[in-house]
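Here the structure comes first, spelled out in structure tokens, and everything after it is commentary.
The values are calculated or read from the model by the stated rules, or taken from the named source; none is laboratory data. In this text, all values refer to a predicted model and were calculated from it rather than measured experimentally. Glycine gets a Cβ as well: all are built from the backbone with ideal geometry, and neighbour counts include every protein chain shown. Heavy atoms of the whole protein, side chains included, go into the accessibility calculation; ligands, DNA and RNA do not. Shrake-Rupley method; radii C 1.70, N 1.55, O 1.52, S 1.80 Å.
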Amino acid sequence: MTVSLADLTDRMLTAARRAGADAADAVAVDGTAVSIDVRDGRLEQAERSEGVDIGLRVLMGRRQAVVSSSDARDATIETMAQRAVAMAREAPEDPHAGLADPSQLARDTDSSRLEMYDPSPEPDPSVLEEDARRVEAAARGVDGVSQVQGATAGYGHRRIHMAASNGFSGGYERSDRAISCVAVSGTGTGMERDWDGDSRIFQADLKSPEEIGRLAGERAVARQNPRRPRTGKYPVLFDERISSSLIGHLLAASNGAAIARGSSWLLGRDGSQVLPEGMSLIEEPHRPRASGSRLFDGEGLPTAERALVEDGVLTGWVLDLATARKLGLESTGNAARGTSAPPSPSVTNLRLTQGTASREDLIAQMGTGLLVTSMIGSTINPNTGDYSRGASGFWVENGEILHPVNECTIAGNLRDMLLALVPANDARTHLSRIVPSLLVDGMTLAGD
């Protein structure tokens with residue numbers, strides 16, 4: 001029988017009241033995850049997990065504690081509440097901790113219009129296994145592929161419900177269907193690998209296994225016989241597969257927690273130019289069929305579309321209630337919440353302004369430089385924005401791709417890099433983060 005998550009959260013709140021809590025909020029999550037791996041045409045691994053996780057936060061004045069469990073029995077919930085209250089009494093006082101005022105709470109909690117859940121039946125494991133076999137076979141069929149390191153198909157379904165003693169109660173369902181493949185070309189020390197994959201909410205939107213496997217194989221073969229690029233300053237084009245990482249660094253620096261700690265290279269730059277004129281970064285929490293969509297945040301506040309960056313200008317920070325109170329501001333409805341920790345600021349879906357040029361146009365425009373398709377490691381100074389990462393991809397000369405490259409490092413400063421962005425028009429619009437390929441001029445390459 002399906003567990004009522006709303007009932008679970010109500011039971012936790014009731015137990016917290018009985019234990020003497022001044023206020024409390026609770027979250028309950030249940031889900032199913034299935035993953036099938038195939039190797040050499042045979043089933044290698046099949047995993048299935050099912051379970052319920054519950055979390056309770058109690059507040060005693062301005063002191064708080066969080067407890068969690070995967071046991072939803074009444075006796076466990078009572079023990080959780082008692083332990084949480086005892087912990088909160090001993091916790092240091094946090095003047096910024098507290099629930100939302102009832103007047104701040106979301107009234108619209110019916111998430112069905114966001115289409116976050118595919119109501120079609122859960123796929124049979126045999127169907128997932130067949131998808132994994134097909135994606136592996138497609139990759140092996142590419143001339144030059146020596147082996148397939150991984151061929152995986154999976155399915156997930158989660159239900160989430162949150163409730164609080166301030167009167168909030170709301171929940172939603174999410175589902176996802178995924179196929180991925182990692183292909184290898186060459187042998188011995190000359191082996192190179194690359195991948196492709198797709199993840200969608202609705203199975204009908206998923207790319208075919210044949211397309212995924214073929215692209216993974218072609219990418220792996222294209223990486224054969226790499227060289228190290230010349231050391232110097234060159235334009236660098238971040239491929240669409242990895243370009244969102246640049247925007248991720250901007251988001252990390254604009255996170256209210258980093259601002260409140262004083263550990264962000266964006267500190268004091270609210271209202272300043274951080275992206276080129278004409279470029280905006282829009283948060284879209286109500287976009288249908290996007291994995292980050294939500295009508296309310298982890299503290300029950302309504303979400304809304306907002307420009308984090310408008311016409312290149314930073315408009316503010318990403319805030320939950322606690323960080324907003326620390327900064328003397330209002331929450332932006334960006335709280336995220338799990339079962340084992342208090343809420344913290346986090347963004348939902350994002351869309352960066354796309355350009356008019358194709359990726360091929362930007363390759364021609366850059367002349368001589370580096371097209372980056374994958375990165376490893378990361379040295380990012382959160383206080384200064386200094387940036388350094390290992391990279392591989394393709395060397396470009398006279399506007400044409402010449403050969404693959406690896407074992408190089410790209411470096412710069414995020415303030416300068418983001419102000420110099422030139423976007424392509426190739427972003428995949430079904431992703432939660434819609435970010436096209438991005439060209440950055442004048443980066444330092446360390447190679448030969």
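Within 13 Å, Cβ to Cβ, of Arg325, how many net charges do the neighbouring residues add up to if Lys/Arg are +1 and Asp/Glu are -1?
Numbers: positive: Arg62, Lys326; negative: Asp94, Asp101, Glu299, Asp320, Glu330.
Surrounding charge for Arg325 is -3.
Please report, as a whole percent, how much of the solvent-accessible surface of the chain comes from carbon and sulfur atoms (probe radius 1.4 Å).
On the way: 9170 of 19410 Å².
C and S atoms contribute 47 percent here.
The loop-placed GluC sites (Glu not before Pro) in segment 184-279, going by DSSP, that have at most 10 neighbouring Cβ atoms within 10 Å of their Cβ come out as Glu277. With K and R counted +1 and D and E -1, the other residues having a Cβ less than 13 Å from that of Gly248 yield a net charge of +2.
For Phe238, Phe202, write out the residues from largest to smallest accessible area, computed with a 1.4 angstrom probe and no ligands counted.
Working: Phe238 0, Phe202 30 Å².
Sorted descending by solvent-accessible area, the residues read Phe202, Phe238.
Please report, to two decimal places, log10 I(q)/I(0) for segment 229-325 at q = 0.13, 0.14, 0.15, 0.25 Å⁻¹ as given by the Debye formula with identical point scatterers on the Cα atoms and no solvent. The computed values of log10 I(q)/I(0) come out as -0.57, -0.65, -0.74, -1.42.
Once you have a ≥ b ≥ c as the square roots of the Cα gyration tensor eigenvalues for the chain, tell me rounded if a/c is under 1.5, and otherwise prolate or oblate according to whether a/b is larger than b/c.
Details: a/c = 2.25, a/b = 1.39, b/c = 1.62.
It is oblate, given that a/c is not under 1.5 and a/b is not larger than b/c.
A 1.4 Å probe run over the protein chains yields, for the chain, 43 Å² of accessible area per residue, whole-number rounding.
Where in the chain are the DSSP H helices whose C-alpha atoms run 18 Å or more along the long axis and whose mean Kyte hydropathy is at least -0.5? Spell out each step's value before the answer.
Details: long enough: 5-19 (21 Å, -0.09); 74-90 (25 Å, -0.17); 125-140 (22 Å, -0.66); 209-222 (20 Å, -0.29).
Within the chain the helices that satisfy the rule are 5-19, 74-90, 209-222.
The ellipsoid that matches the Cα gyration tensor of segment 1-71 has semi-axes, each √(5λ) in whole angstrom, of 38, 13, 7, with the longest given first. Farthest towards the positive end of the charge dipole of the chain, among the residues Leu99, Gln354, Pro119, is the Cα of Leu99, using unit charges on the Cβ of Lys, Arg, Asp and Glu. Under the classification rounded if a/c is under 1.5, otherwise prolate if a/b is larger than b/c and oblate if not, where does segment 358-448 fall, given a ≥ b ≥ c as square roots of the Cα gyration tensor eigenvalues? Oblate shape, in that a/c is at least 1.5 and b/c is the bigger or equal ratio. On the principal axes of its alpha carbon atoms, segment 332-376 extends 50, 27, 11 Å, with the longest extent given first.
Please work out the ratio of the alpha-carbon Rg of segment 257-297 to 2.2 N^0.38 Å and round it to two decimals.
Values: Rg = 14.4 Å, N = 41, 2.2 N^0.38 = 9.0 Å.
Segment 257-297 yields a ratio of 1.60.
How would you rank 292-299, 225-232, highest first, on the average number of other Cβ atoms within 10 Å across their residues? Don't skip to the answer; put the middle values down first.
On the way: 292-299: 23.1, 225-232: 15.6.
Most protected by this proxy first, the peptides run 292-299, 225-232.
Over the chain, DSSP H runs of length four or greater, each weighted -39,500 (n - 2.57), average out per residue to a 222 nm ellipticity of -7000 deg cm²/dmol. Scoring 169-175, 73-79 by mean Cβ neighbours within 10 Å over their residues and listing the highest first yields 169-175, 73-79.
Could you compute the net charge surrounding Ala307? Neighbours are other residues with a C-beta less than 15 Å from the C-beta of Ala307; K and R count +1, D and E count -1. Spell out each step's value before the answer.
On the way: positive: Arg287, Arg306, Arg351; negative: Asp270, Glu277, Glu283, Glu284, Glu305, Glu310, Asp311.
With Lys, Arg at +1 and Asp, Glu at -1, the net is -4.
Under the simplified labelling scheme, the Arg89-Asn383 pair shows an inter-label distance of 4.1 nm, with each label point 7 Å from Cα along Cα→Cβ.
A Förster radius of 41 Å, combined with the Cβ-Cβ distance separating Ser358 from Arg107, puts the computed FRET efficiency at roughly 0.40. Using Cβ point charges alone (K and R +1, D and E -1), the dipole size of the chain about the Cα centre works out to roughly 880 debye. For segment 291-351, the Cβ-based charge dipole about the Cα centre amounts to some 180 debye (Lys, Arg positive; Asp, Glu negative; other atoms uncharged). Largest first, the extents of the alpha carbon coordinates of segment 1-137 on the three principal axes equal 61, 32, 31 Å.
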